[in-house]
Amino acid sequence: MNILVCVKRVPAPGARIVLTDDSQGIDTRHLGFTTSPHEECAVEAAVQLKERHGGTTTVLTLGPPDAVEQLRYSVSVGADRVVLVPADSTEWDPQATASALVEAIKDLEGDSPFDLILFGNESADSGGYQVGIRVARALGRPVISGLKGIEIDGDQMVGRRETDEGFEVYRLPMPAIAAAKEGITLPRYPTLPGRLKSRRAEIHEVPAEMTPGGQEMVSLLKPAEEVTETVILGHGAEAAPGVVRLLEEVGLL
Amino acid sequence: MTRILVFVDNDRGTLSPSALEALTPAYSLADSLDASLELATVGEGGRAALEPVGLGGYVISHPVLSDYAPEAYGDALAQLVSEEQFSVVISLGDDRGAEVMAHMAAVLDQPLVANVTEIADTEGPDGSWEVIRVRWGGSLLERARLRSDLKFLTIAPHTFPAPEPNGGAGPLTTFVPEIPDSLARTRVVERVKLAEGLTLATAPVVVSGGRGVGSAENFAILEELADLLGGVVGCSRVATNNGWRPHSDQVGQTGTRIAPDLYIACGISGAVQHWVGCMASKQILAINTDPEAPLVTKADYAVIGDLHEILAAVIAEIKARP
Ligand SMILES: Cc1cc2nc3c(=O)[nH]c(=O)nc-3n(C[C@H](O)[C@H](O)[C@H](O)COP(=O)(O)OP(=O)(O)OC[C@H]3O[C@@H](n4cnc5c(N)ncnc54)[C@H](O)[C@@H]3O)c2cc1C
Ligand SMILES: Nc1ncnc2c1ncn2[C@@H]1O[C@H](COP(=O)(O)O)[C@@H](O)[C@H]1O
C-alpha cells in the first residue's frame, strides 16, 4: 500500500483573528502554524494503514519554504517520505492548487500510481471543499469526500461516511482518492525517536507551475461581532443558587 | 435570457431541514438579473418532495443514480447544464451539495466559489462577479472575484431562511443523462443505522468541557449535570486530542455546530475555532478560573472559579430542590 497525503500549512489563530493592514491576510507575527486538522487525521490514517498492510506513506504540501515545518512534523508521526511543491505565499485558488498538485503527483508516480491519495475534506483556512475532487477528476480516479472510516479489502478501499442516522458505506476500486474528516483517527503525538528522525529527513522538491483559475481573493473581512455584557453569577461554589435560577429561567429545571 | 439552475438534494425522497435554503438567494438573484429560475434534483423520489416548491425544472433519472453517487451526480448535472445552457448554478454548501458541485465544476473545468453569504456585485469588469464567502468555518469572510462565463456557487448553510413553498406545482421534466455504468464505483452500497437518541446537534442543553476538566474521568461530573438537565456532553478539541472524549462530542469548526437553548462551557478558553461551533446557542454560561478568557467575555453568563467545585455545588443545589 503506497499512500500519498496532501496537507496544507495554515496559521493557528487563538481567541481572535487579526488581519494585516492591507486586509490581504491574517497577521501571523504572533501565531504558530499547523497542519489543517482534517489532514492531520488523514496522515494518521495513512500511517495506520501502512502499519497494517505494509508499503510507504508520503506527505506532500504545496506552500512556502516554511511549510517544511509541517512536513517534518509528519515524519515525526510516521511518514516515510515528504515532498515540498514550492510556492509563494500568495493565495492560490482551488483550480490553481489542484492543477499544480496533479502535475506534482504525476511526477512522483511515474508508472506506478499511489494506491490511495488522501486529502482533507476542506482546508482550514480557505475551505473550498474541492481540491481533492478536482485532482481525482484530472487523474480519472474514483473519489469520495467526508471519509470517517477506512479499511482495505483486497483491491478495494472501503470507506464510511456519517449521516444523520448513522453511516453509509462505499467501495472504491484502487487506485482511489478520498477526502477525510477529523475524527477518522486520533492523531498520535510524536515520539523522541520520531522527532530525531524528522530532523534528518530529506525534503524532496517537485516544482509545479501556477496557472490561475477563475476565483480571486480580493480582501479579507471580519464578520460583525455581537458585543455581550456578561452577567457574572458569582465566584466558586457560592454561585450555585444563581446558576440553578438561570437553569429554571431557561426552562431546563 | 439568463437561466439559473438551483440544485436541491433529496435523500431517497426526503428533504433535509435546510435543503431549500439556497432558493432564497437564488430568487433574489433571478430578480436582479431578470433571469429564469429552475431547479434540479436527482431521482424520481424527489419529485413529490419538490413539486410543491412551485418552480419548474428537472428530475434527473438514471439507473446509476438509484442511490447517492457523487461522481455520477456530478456528471449528470454537468450534462444538464451544458445541454440546457444554464449559466448560473447554485446549491446549498452542505456535505452533498459541496461534493456534487465540485464534481460538476471539475467536469466542466470551471471555478466554484464555496460557501457564499452574499452576491455583492454582478456587474463587474468583463462579466465578473464579486461575492462574499466564508473562510475559517465562519470566523472570517472573504471578498472574492469570480471570473468565468459560467457562475457556480454554493451557499453557506444556515445563512438564509428557506422560503415558503408557493404552492403551485412546478412542472418537473425528467432528464435522462448518459452515464457509464462504471461511475457506480462511488455509490452508497450499504447504510447502517445507529441507536437513536439525543445528539449533540439536537440536545436543548450541552454541558461542554475543555482542557480545564483535566482528565477523561473528570468528565463524570459533566455527564451527571447533563443527565439531570436532559442534555448531552460536548467538548473542545483539546479534550478530543487528549483522548478524553470521542470526536463526535467535539464542538467547533472541525466538529459539530450547535444551537442549543443553553451552552455550558466548562474550562474552555474560547478559541475562534471553538466559538464558531457554539456561537448560535441561545444562551451561553461560561465556567472558568480566568475572568479574561474569551469565552467568559463573550458569554451571556459566567461563573469564575474551579469548574469541579462549581459543578459539584450546582448538582448538590439541584438535588436539594423541593
Ligand atoms: C484549523 C483549526 C480547527 C480547529 N477546530 C476546533 C474545533 O472544532 N473545536 C475546538 O474546540 N477547537 C478547535 N481548534 C483548536 C482551538 O484553536 C483551541 O486550541 C482549542 O479550542 C482549545 O481548547 P480548550 O479551550 O479546551 O483549551 P485551552 O485553550 O487550553 O483553555 C483551557 C481553559 O480552561 C480554563 N481552566 C483551566 N483549569 C480550570 C479549572 N479548574 N476550572 C475552570 N477553568 C479552568 C483556563 O483558564 C482556560 O481558559 C482548531 C484549531 C485549528 C487550528
Ligand atoms: N497548498 C496545498 N498543498 C497541499 N494540499 C492542499 C493544499 N491546498 C489544499 N490542499 C488539499 O486539498 C484539501 C481541500 O482543500 P480546499 O478545496 O481548499 O478546501 C485540503 O484539505 C488539502 O488536503
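The values are calculated or read from the model by the stated rules, or taken from the named source; none is laboratory data. Keep in mind it's a predicted model, so treat the numbers as computed, not measured. We place every Cβ from the backbone using ideal geometry, glycine too, and count neighbours over all the protein chains shown. Please note that ligands, DNA and RNA were not included when accessible areas were found on the heavy atoms of the full protein model with its side chains. Shrake-Rupley method; radii C 1.70, N 1.55, O 1.52, S 1.80 Å.
Quick notes on this structure:
- Shape index of chain A: Rg/Rh, with Rg the Cα radius of gyration and Rh the Kirkwood radius from the inverse mean 1/r over Cα pairs, equals 1.06.
- Between helix B:23-33 and chain B: long-axis angle, C-alpha atoms, 0 to 90°, nearest 10: 50 degrees
- With Cα atoms, 0 to 90° folded angle of helix B:70-84 axis to chain B main axis: 40 degrees
- Paramagnetic label zone (point 7 Å from Cα along Cα-to-C-beta, B:Asn166; backbone N under 14 Å) in region B:19-43: B:23-32, B:34-39
- With every protein chain in place, region A:2-205: carbon and sulfur % of accessible area (1.4 Å): 47 percent
- Members of region A:126-144 that become less accessible by 50 Å² or more once partner protein chains are added (1.4 angstrom probe, chain alone as reference): A:Tyr129, A:Ile133, A:Arg134, A:Arg137
- The alpha carbons of the protein assembly as shown stretch over 70, 67, 50 Å along the principal axes, in descending order.
- Packing-based ranking, highest mean first, of B:40-46, B:306-312 given that Cβ atoms within 10 Å are counted: B:40-46, B:306-312
- Against chain B, whose longest principal axis is taken from its Cα atoms, helix B:307-319 shows a tilt of about 90°.
- Amide H contacts of A:Gly120: A:Ala180, each under 5 Å away and 5 or more positions distant or on a separate chain (H built 1.01 Å from N in the peptide plane; Pro and chain starts excluded).
- Translational diffusion of region A:107-242, estimated by Stokes-Einstein from the Kirkwood radius over alpha carbon pairs at 10 °C in a medium of 1.306 mPa s, is 80 µm² per second.
- At an R0 of 56 angstrom, the distance between the Cβ atoms of A:Leu221 and B:Lys319 translates into a FRET efficiency of 0.70.
- Proximal charge balance of B:Ser148 [Cβ under 14 Å; K/R count +1, D/E count -1]: -3
- Translational diffusion of region A:86-140, µm² s⁻¹ [Kirkwood Rh, Cα pairs; Stokes-Einstein; 25 °C; 0.890 mPa s]: 204 µm²/s
- The residues neighbouring A:Glu225, those whose beta-carbon lies less than 12 Å from its own, together hold a net charge of +2 under the Lys/Arg +1, Asp/Glu -1 convention.
- Spherically averaged projected area of region B:3-186 from its Cα convex hull (nm²): 9.9 nm²
- Summed over both chains, the accessible area lost when B and A associate is about 7000 Å², using a 1.4 Å probe.
- Annotation: amide H of B:Arg135 within the under-5 Å range of B:Leu140, B:Leu141, B:Glu142, sequence separation 5 or more or interchain, hydrogens built in the peptide plane.
- Unit Cα scatterers, Debye sum, region B:205-319: log10 I(q)/I(0) for q = 0.22, 0.24 Å⁻¹: -1.28, -1.56
- FRET efficiency for A:Gln156 and A:Arg188, using Cβ-Cβ distance with R0 set to 35 Å, rounded to 0.05: 0.85
- Total formal charge among the other residues, if their Cβ is under 11 angstrom from that of B:Glu38, Lys/Arg +1 and Asp/Glu -1: 0
- Taking the centroid of alpha carbons for each part, region B:135-188 and region A:194-253 are 27 Å apart.
- Residues in chain B average 38 Å² of solvent-accessible surface per residue, probe 1.4 Å, ligands and nucleic acids excluded.
- Close Lys pairs in the protein assembly as shown, defined as Cα atoms under 16 Å apart and 8 or more places apart or on different chains, number 4.
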